[in-house]
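What follows draws every value from the coordinates through simple rules; no lab data is involved. Since the structure is predicted, the reported quantities are computational estimates derived from the model, not experimental observations. Counting neighbours? That spans all protein chains shown, and the Cβs are built from the backbone with ideal geometry, glycine included.
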Amino acid sequence: MKPWFRRYAIVALMVLIVTLMHYNTAMHIHAAHGIYRRLYYFPIIIAAFRGGRSGGLGTALVVCAVYLPHAFGLIGHDPGATLEKVLEMVLYVAIGLVAGVLEDRERRTRRRLQESLDERERLERELVSRERLAAVGQLSAGLAHEIRNPLASIKGAADVLGDTGEADSPRGRMVAIIREEAARLNDVLGRFLAFARPRPADPRRLDVRDEAARLGDLLEHRDEAPRIVVTVASDPLLVLGDIDQIRQLLLNVGVNAAQAAGAAPDGEVRIDARRDRGRAVVTITDNGPGFTDEARENLGNPFFTTRDQGTGLGLATSVRIARDHGGDVSVDEARDDGARVRVCLPLDPEAG
Ligand code: ADP
């Protein structure tokens, strides 16, 4: 059954019954006609509750249309005074309209209330999950910290064993593996701790142009470096920030770009630093394979990686540092000629 039919079936039935009673009652029974006229208010009000203004008004007009021939003697005849009957029809329309408008308003209020309840529920769920994540983060940072000390002992012991000069023997190769893996583990733990427990920032005024140039130098001296092109604005780009953290932020993005461009035949990384609407913007573009949709959606999420040896902590750390400095890191929409990552930092307003 169609929804509107289900909604108005009872209304239509009531109008039909009242109309039939009206049409079939003898003219001289005044009191009955008076009652029937008033009975029409029930279907009008019910329709207004069910369909709002359109339901109430529509039903009032239908009632007027079916009552008119009877009121003015075309089919049977309502013996009431003409003025009374006309007023009654005006009231049908007025009541249908007012009841409908009130119902519409009530529905809007209910909807708004429901929306704010839904929003509140969503926020509560988010809060609980953030608290849980924070607790897990604390716990893992504690564990990482605890693992570092015994790991340093293992590495130290392996270094001593490795110094005995049996590099080509099976034993020497095993010791080399232990040293390599301990160093790798130490590196991962270090990155994780830098992300989970950043040391307190020491903000100073620095010129982002110098940091962009420094990043270019660093990338140029990496193994298998792609071509590096640095362009910077002519005016200083002074921001207030922790220099080590800002360097870390740019280095993470830059190393990713260099690794990605290294995969292209004519690998190139462009670093561009300029001023844009009160911010220093460093754009790092490479001509590697570009971000996958998934990697772009997961920007800033720790441990998301598509690389075999990746930790998924580089960009997450960069995003965190940028946000801590009142800025952000963003990746351009899908590009078929590589990746473009934009790092924005607010310029120091007091630098002039
Ligand atoms: P990792 O380098 O350890 O994978 P990151 O947090 O630095 O971790 O990067 C997360 C993911 O973002 C990478 O695994 C990769 O999928 C994507 N990504 C980052 N930089 C680039 C880039 N320049 N080009 C393409 N993909 C990138």
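Numbers for the structure displayed
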read-out: Neighbour net charge for G51 - beta-carbon separation under 11 angstrom, K R +1, D E -1; value: +2
read-out: Segment 152-308: C-alpha gyration tensor shape, a/c 1.5 cut-off, then a/b vs b/c; value: prolate
read-out: Euclidean distance of C-alpha centroids, segment 249-301 and segment 177-232, integer Å; value: 14 Å
read-out: Length-normalised contact order for segment 1-107 - Cα pairs under 8 Å, 6+ apart - percent; value: 33 percent
read-out: Per-residue HN-Hα couplings for segment 279-288 [Karplus 6.51, -1.76, 1.60; θ = phi - 60°; Hz; x = Gly/Pro]; value: 10, 8, 10, 9, 10, 10, 10, 10, 10, x
read-out: Given charges at beta-carbon only (K, R positive; D, E negative), |dipole| of segment 165-295 in Debye; value: 500 debye
read-out: Nearest-0.05 FRET efficiency for T305 and L143, computed from C-beta distance (R0 25 Å); value: 0.80
read-out: Shape parameters for segment 106-164, alpha-carbon atoms, Rg then Dmax in Å; value: 25.3, 86
read-out: Label-point gap, in nm, between A351 and T82 - each point 7 angstrom along Cα→Cβ; value: 8.8 nm
read-out: Computed FRET value (nearest 0.05) for A32 with A9, which takes r as the C-beta separation and R₀ as 25 Å; value: 0.45
read-out: Ranked by how many other beta carbons lie within 10 Å on average, peptides 269-279, 45-55 from highest; value: 45-55, 269-279
read-out: Helical mean residue ellipticity (222 nm; -39500 (n - 2.57) per DSSP H run of 4+; nearest 500) of the chain; value: -22000 deg cm²/dmol
read-out: For peptides 221-229, 316-324, sequence by mean Cβ density within 10 Å, most packed first; value: 316-324, 221-229
read-out: Stretchable slack from M21 to A135, in nm (0.36 nm times residue separation minus alpha-carbon distance); value: 33.7 nm
read-out: Per-residue HN-Hα couplings for segment 192-198 [Karplus 6.51, -1.76, 1.60; θ = phi - 60°; Hz; x = Gly/Pro]; value: 5, 5, 5, 7, 7, 10, x
read-out: 3J(HN,Hα) from dihedral phi, segment 226-238, Karplus parametrisation 6.51/-1.76/1.60, rounded to Hz, x for glycine, proline; value: x, 5, 10, 10, 10, 10, 10, 5, 7, 8, x, 10, 8
read-out: Segment 30-49 residues near the modelled L61 label - backbone nitrogen below 20 Å, point 7 Å along Cα→Cβ; value: 40-49
read-out: FRET E, pair T231, R204, Förster distance 25 Å, beta-carbon r, rounded to 0.05; value: 0.50
read-out: N186 versus L39: modelled label distance in nm, points set 7 Å from Cα along the beta carbon direction; value: 9.6 nm
read-out: Net charge of Cβ neighbours under 12 Å - reference R107; Lys, Arg +1; Asp, Glu -1; value: +4
read-out: Distance (nanometres) between label positions extended 7 Å along Cα→Cβ at H221 and I243; value: 1.6 nm
